[in-house]
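Below is one structure, written out as structure tokens, with a few remarks after it.
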Amino acid sequence: MAILKILQYPDKRLHKVARKVEQVKEATRELVCDMAETMYAAPGVGLAATQVDVHEQIIVLDISEAHNQLRVFINPEVIASSGEEEGEEGCLSVPGIYENVRRAEKVTVRALNEKGDSFTLEADGFLAVCIQHEIDHLRGKVFVEHLSQLKQIRIRAKLKKRLRETL
């Protein structure tokens, strides 16, 4: 297993649309393990393959307190959604930035697990938010792009300033 480099917004590679995984193979399972290790080390609750510059439809999530309930979604697709809620989100690709985003309150998602088996999951609350957030990454969208243009400009400026200070 390995800890992978997480791309930082506004890196253009975060805007690449991920392709479907044609077949779940050993390399897919190895990537899932590396992504999980990277997510836990960051620390975070979700990670999309796009964030580690692999443009395949793979997501790992673990919203448990003990970090022992890893969920894997390959080729995830929201097949139903309902309600609406607004809540604060952050992102490993946009470190230190937290903003309110409006999302569906409940979602039903269909995906494959790391064995290649199909499953359907109904999710609400924080899990539903995380699923939608990570699927956005697979579509080439970062959560700050749900915000106003002015907020996006301010966030980019803040991140550029932070980068200059660390050099």
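The values are calculated or read from the model by the stated rules, or taken from the named source; none is laboratory data. The structure displayed is predicted, hence computed values, not measured ones. No Cβ is skipped: glycine too gets one built from the backbone with ideal geometry, and neighbour counts run over all protein chains shown.
Computed values, structure above
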read-out	value
Residue that is out of contact with any His (no Cβ under 7 Å at 6 or more places or on another chain), assigned to a strand (DSSP E or B), of a type outside the set (Asp, Glu) and at pLDDT 95 or above, where the choices are 54, 60, 24	60
Subset of region 140-163 that is in a loop (DSSP other than H, G, I, E, B) and of a type in the set (Gly, Ala, Ser) - its residue that is nearest to residue 10 (Cα to Cα)	140
Residue within region 30-44 that is aliphatic (A, V, I, L, M), within 16 Å of residue 136 (Cα to Cα), crowded, with 21+ Cβ neighbours inside 10 Å and touching a helix residue (DSSP H, G or I) at 6+ places or on another chain (Cβ under 8 Å) present	no
Near pairs, Cβ below 6 angstrom, 6+ apart or cross-chain, from region 45-63 (within 17 Å of residue 24 (Cβ to Cβ)) to any residue that is acidic (Asp, Glu)	48/134; 49/56; 59/134
Among the residues listed as 75, 68, the single one being closer than 19 Å to residue 115 by Cα and either in contact (Cβ under 8 Å) with a residue 40 or more places away in the chain or in a strand (DSSP E or B) (or both)	75
Residue among 14, 31 that alone is within 15 Å of residue 135 (Cα to Cα), aliphatic (A, V, I, L, M) and part of a helix (DSSP H, G or I)	14
Flag if residue 144 is within 15 Å of the chain's Cα centre (by Cα) and β-branched (Val, Ile, Thr)	yes
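One line per residue, one yes/no per condition, for (1) in contact with a helix residue (DSSP H, G or I) (Cβ under 9 Å, 6 or more places away or on another chain); (2) hydroxyl-bearing (Ser, Thr, Tyr); (3) without any contact (Cβ under 8 Å) to a residue 40 or more places away in the chain; (4) surrounded by fewer than 19 Cβ atoms within 10 Å (Cβ to Cβ):
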position	(1), (2), (3), (4)
94	yes, no, no, no
109	yes, no, yes, no
112	no, no, no, no
115	yes, no, no, yes
125	no, no, yes, yes
133	yes, no, no, no
145	yes, no, yes, yes
